[in-house]
Amino acid sequence: MCDRSVDDLGPPKERVRLHADYEALLSEDLDVLFVCLPNDLAAEATIAGLERGLHVFCEKPPGRTLTDIANVIEVERQRPAQRQAILDERGGAPSEAKPEDSLG
């Protein structure tokens with residue numbers, strides 16, 4: 001688990017490791033990455049997860065700008081075996097989607 005305020009979370013539960021940044025989290029042996037970070041980090045963390053070979057679930061549009069989203073799309077297109085799911089923060093249901101669907 002990763003949180004900017006990791007010190008405020010208290011002691012971790014059994015089998016949970018806490019990290020103050022997502023780069024440290026990505027050093028763990030993971031199969032999937034759930035990106036629930038602030039908007040300014042969503043694209044960066046999503047790309048990092050995809051580049052590491054992980055399936056990625058992003059709780060919001062995967063970027064703040066069209067450039068962010070285009071970068072995520074490019075990285076995902078280079079990895080067709082991986083999947084990215086996006087949950088629109090306006091209350092949409094999670095679905096398997098391509099990042100370009102967020103441009104809607």
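The values are calculated or read from the model by the stated rules, or taken from the named source; none is laboratory data. Worth saying up front: this structure is predicted, and the values here are computed from it rather than measured. Counting neighbours? That spans all protein chains shown, and the Cβs are built from the backbone with ideal geometry, glycine included.
For segment 8-50, enumerate the residues that are of a type outside the set (A, V, I, L, M), loosely packed, with under 13 Cβ neighbours inside 10 Å, at pLDDT 85 or above and farther than 15 Å from Asp68 by Cβ. Before you say what the answer is, go through the steps one by one.
Within segment 8-50, the first condition is being of a type outside the set (A, V, I, L, M), and the residues that meet it are 8, 10-15, 17, 19, 21-23, 27-29, 31, 34, 36, 38-40, 44, 46, 49.
Add one more test, that the residue is loosely packed, with under 13 Cβ neighbours inside 10 Å, and what stays is 8, 10-15, 17, 23, 27-29, 31, 38, 40.
Checking which are at pLDDT 85 or above leaves us with 23, 27-29, 31, 40.
If the condition is that a residue be of a type outside the set (A, V, I, L, M), loosely packed, with under 13 Cβ neighbours inside 10 Å, at pLDDT 85 or above and farther than 15 Å from Asp68 by Cβ, then Glu23, Ser27, Glu28, Asp29, Asp31 are the ones that fit.
Pull up segment 23-71, narrow it to residues that are assigned to a helix (DSSP H, G or I) and of a type in the set (Asp, Glu), then point me to the one that is farthest from Cys2 (Cα to Cα).
First, pick out the residues of segment 23-71 that are assigned to a helix (DSSP H, G or I): 23-25, 39-51, 66-71.
Imposing the further condition that a residue be of a type in the set (Asp, Glu) reduces the set to 23, 40, 44, 51, 68.
On the way: Glu23: 9, Asp40: 15, Glu44: 14, Glu51: 18, Asp68: 22 Å.
For segment 23-71, the residue satisfying everything is Asp68.
Here are some conditions: (1) over 22 Å from Gln82 (Cβ atoms); (2) surrounded by fewer than 15 Cβ atoms within 10 Å (Cβ to Cβ). Asp3 meets all but one. Which one does it not meet?
All conditions pass for Asp3, except number (2).
Restricting to segment 21-46, name every residue that is of a type in the set (A, V, I, L, M) and out of contact with any Ser or Thr (no Cβ under 6 Å at 6 or more places or on another chain).
Ala24, Leu25, Leu26, Leu30, Val32, Leu33, Leu37, Leu41, Ala42, Ala43, Ala45
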